[in-house]
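Colleague: Sending over a structure as structure tokens; questions will come in a sec.
The values are calculated or read from the model by the stated rules, or taken from the named source; none is laboratory data. It should be emphasised that the depicted structure is a prediction, and the values quoted were computed from it without experimental measurement. All Cβ positions, glycine included, derive from the backbone under ideal geometry; neighbour counts span all protein chains shown. What goes into the accessible areas is simple: the full protein's heavy atoms, side chains included, and nothing from ligands, DNA or RNA. Shrake-Rupley method; radii C 1.70, N 1.55, O 1.52, S 1.80 Å.
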Amino acid sequence: MACASTTNFVVMINGYPSKFFKASRSIRQGFPLSPYLFVLVIEGLGRLIFNAKSMGLIEGVKVTKKSILTLFLFVDCVLIFGVASLDEWRNIKALLMEYCQASRMKISEDKSVIMRLRDDDDLSKEIVALFNFKLKDMNKWMKYLGYFIKPDDYRVVDWRWLIQKIEKRINNWSFRWLSMGGRLTLVKSLLEGILVYLLSLAHIPSSILKTLRKRMFSFLWFGNVGKEKYHLVRWEALSKPKHLGGWGLKNISIFGKALVSKSLWRGLFGSSMRCSLIKEKYIKKFLVIDWIRWSSKLVKGVSNTLKALVKSFSVIGDWRAWKVGMENFRGEFSPMGKI
């Protein structure tokens, strides 16, 4: 404890060392209460931007006729939306400086970027000069919460990053002498866990899911042994529950369809901001019951997320229940099976 309490510390902030300081008793990184306190503090930034929006200092991005986006917050990952106006971004910078001064926090310039949708070099240079952030083109890629966002449609080749992410994890473990039980635990807890979040967001092509399944299956049987082994049991048998003789692995295709169907159900009958955006942008003037009955649910220019929701509609559509004499959809599954 003498080394921890008498030693001076210094940290690098935006490429420059901070002042020396000594460790003391406080809530540090890793303490269970730290995330909750951080969320309470970062909520102040949301209040500042909300008040600025109410006063007309910032405009935000208009998504639909009723919805305007100004800020997305997920712990320390912040997305601020604004129009292509130098005055608006000056006001945003003033809000950020006010928040940093009040909370004693600093913006990480190395991890911050400005994304532009249209090519306007003069305006982009002026905005970049205000913040000293990197400038990226929105028409290429944008990574947010582990998912790469594109303004245009996802193609099969665009999912290569997901295969590389799984292969990187497997390569790190292939040099360790793990038993069959250890490899099974890693496949179930980590490799399949990576896909749970992505499968609930977007439609992943079947060819990509098949490639991922082969990678995980090969790691499960080969491990760190250089010589290949025969797959003694089919994946379909191992993906059954344990009480049915399987190993409890997930059938990725069916599991992904279940996750997206759950998101679709919440989107149709939920009341969150995400549900409101889906209804306003894609269902528009139709009622939910009319949209359910409508045979062609996809329109041009939809996101990959909506495509996933529509392609999983059969799970809800084949098991929906209607009440005779009522105009509204009951929002329940039929206990008698398909109608």
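Colleague: Between Asp137, Asp158, which is of a type outside the set (A, V, I, L, M, F, W, C) and either over 30 Å from Arg266 (Cα atoms) or touching a helix residue (DSSP H, G or I) at 6+ places or on another chain (Cβ under 9 Å) (or both)?
Modeller: Asp137
Colleague: Among the residues of segment 190-218, which ones are outside any helix (DSSP H, G or I), closer than 15 Å to Lys250 by Cβ and either open to solvent by 20 Å² or more (accessible area, probe 1.4 Å) or in contact with a Lys or Arg (Cβ under 6 Å, 6 or more places away or on another chain) (or both)?
Modeller: The one that is outside any helix (DSSP H, G or I), closer than 15 Å to Lys250 by Cβ and either open to solvent by 20 Å² or more (accessible area, probe 1.4 Å) or in contact with a Lys or Arg (Cβ under 6 Å, 6 or more places away or on another chain) (or both): Ser200.
Colleague: Would you pick out the residues in segment 69-92 that are charged (D, E, K, R) and either under 25 Å from Ile278 (Cα atoms) or open to solvent by less than 60 Å² (accessible area, probe 1.4 Å) (or both)?
Modeller: Once the filter is applied, which keeps residues that are charged (D, E, K, R) and either under 25 Å from Ile278 (Cα atoms) or open to solvent by less than 60 Å² (accessible area, probe 1.4 Å) (or both), segment 69-92 yields only Glu88.
Colleague: A follow-up question, please. Criterion first (open to solvent by less than 40 Å² (accessible area, probe 1.4 Å), closer than 30 Å to Ser276 by Cα and either in contact with a Pro (Cβ under 7 Å, 6 or more places away or on another chain) or in contact (Cβ under 8 Å) with a residue 40 or more places away in the chain (or both)) does Thr64 satisfy it?
Modeller: Yes, satisfied.
Colleague: Would you be able to say whether some residue in segment 107-116 is free of Cβ contacts under 8 Å to residues at least 60 places away in the same chain, under 24 Å from the mean Cα position of the chain (by Cα) and more than 28 Å from Arg274 (Cβ to Cβ)?
Modeller: No, there is no match, as no residue in segment 107-116 is free of Cβ contacts under 8 Å to residues at least 60 places away in the same chain, under 24 Å from the mean Cα position of the chain (by Cα) and more than 28 Å from Arg274 (Cβ to Cβ).
Colleague: I've got another one for you. Of everything in segment 140-173 that's of a type in the set (Asp, Glu) and touching a residue at least 24 places away in the same chain (Cβ under 8 Å), which residue is nearest to Arg215 (Cα to Cα)?
Modeller: That would be Glu167.
Colleague: Would you confirm, using the coordinates I've provided, whether Ser124 is open to solvent by less than 50 Å² (accessible area, probe 1.4 Å) and polar (S, T, N, Q)?
Modeller: Against the criterion (open to solvent by less than 50 Å² (accessible area, probe 1.4 Å) and polar (S, T, N, Q)), Ser124 qualifies.
Colleague: Another one. Among the candidates Asp110, Asp137, single out the residue that is under 30 Å from Asp87 (Cβ atoms), open to solvent by 80 Å² or more (accessible area, probe 1.4 Å) and of a type outside the set (Lys, Arg).
Modeller: Asp110
Colleague: Could I ask something else about it? Collect the residues in segment 223-247 that are modelled with pLDDT of 80 or more, in a loop (DSSP other than H, G, I, E, B) and under 18 Å from Lys210 (Cα atoms), keeping them in residue-number order.
Modeller: Val233, Arg234, Ser239, Lys240
Colleague: Another question about this same structure. Can you give me the number of residues within segment 152-171 that are surrounded by 14 or more Cβ atoms within 10 Å (Cβ to Cβ), of a type outside the set (Phe, Trp, Tyr) and within 19 Å of Thr305 (Cβ to Cβ)?
Modeller: The number of residues fulfilling the criteria is 2.
Colleague: So Phe50 ticks every box in (1) of a type in the set (A, V, I, L, M, F, W, C); (2) modelled with pLDDT of 85 or more; (3) farther than 24 Å from Leu277 by Cβ but one. Which box is left unticked?
Modeller: Looking at each condition in turn, Phe50 falls short on (3).
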